[in-house]
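What follows is a short report on a single structure.
The values are calculated or read from the model by the stated rules, or taken from the named source; none is laboratory data. These numbers come from a predicted model, not from an experiment. We place every Cβ from the backbone using ideal geometry, glycine too, and count neighbours over all the protein chains shown.
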Amino acid sequence: MGTVKAAEIIVYSKVKAGEYGLSVPYFGFERQGAPVVAYVKLSNKPIRAKTQVDYPDCVVVMEPTLLNAVNVFEDLSGEGILIINSRKCPDLSSLPPQVKKVGFVDATRISFDELGRAIPNTAMLGAFVKTTGWIEPGLAEEKICALFGPQNIKAFYRGLEEAEIVPVLEAVK
């Protein structure tokens, strides 16, 4: 699904903007089909600790079935953001209370439309950029093109355009 490469693009974009970033991939059991985790640290100050993220501010879920298989919300910060590859918004009442914002996009459909196969990472990058506002879209473009080719730029901008953002109200909880 390109999770590790997508994390690299996020970090590259932040560094290109003159700030700091670190990507730490975690493969667990290395077998085809196993969940892959990539931790990303972003800051306006140098990042000293080269470890995985203990209390993430954002969780990006490339495959929605992972919500039933893995606790993706474990240790999510109190102002957490969920970005998910899905045709529709997940049931907000089923989310833990620390999730305050949800971004969702049908990245699989976009990848089939633009690339002819299910590689949702660049469309999910677009959803990440729109939902968080943490990196500039133009800064990601160069690295996307270098790593994946120019066709992926279309998937990225479609993910950016088609992503929907839903604030999670305390009343829903």
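Conditions (1) surrounded by fewer than 11 Cβ atoms within 10 Å (Cβ to Cβ); (2) of a type in the set (Gly, Ala, Ser); (3) within 23 Å of residue 21 (Cβ to Cβ); (4) more than 14 Å from the chain's Cα centre (by Cα), marked per residue:
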{"residue": "46", "(1), (2), (3), (4)": "yes, no, yes, yes"}
{"residue": "52", "(1), (2), (3), (4)": "no, no, yes, yes"}
{"residue": "56", "(1), (2), (3), (4)": "no, no, yes, no"}
{"residue": "72", "(1), (2), (3), (4)": "no, no, yes, no"}
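Scanning the range 124-163 for residues that are under 27 Å from residue 79 (Cβ atoms) and in contact with a Phe, Trp or Tyr (Cβ under 6 Å, 6 or more places away or on another chain) yields 125, 126.
Residues that are among the acidic types (Asp, Glu) and farther than 26 Å from residue 91 by Cα within the range 133-171 comprise 136, 141, 142, listed in sequence order. Restricting attention to the range 7-27, does a residue exist that is crowded, with 18+ Cβ neighbours inside 10 Å, part of a loop (DSSP other than H, G, I, E, B) and either basic (Lys, Arg) or modelled with pLDDT under 90 (or both)? Checked against the condition, which is being crowded, with 18+ Cβ neighbours inside 10 Å, part of a loop (DSSP other than H, G, I, E, B) and either basic (Lys, Arg) or modelled with pLDDT under 90 (or both), the range 7-27 yields no hits at all. Test residue 116 against the stated conditions and say whether it is of a type outside the set (A, V, I, L, M, F, W, C), over 26 Å from residue 166 (Cα atoms), out of contact with any strand residue (DSSP E or B) (no Cβ under 9 Å at 6 or more places or on another chain) and without any contact (Cβ under 8 Å) to a residue 60 or more places away in the chain. Yes; evaluated as a whole, the condition is true for this residue.
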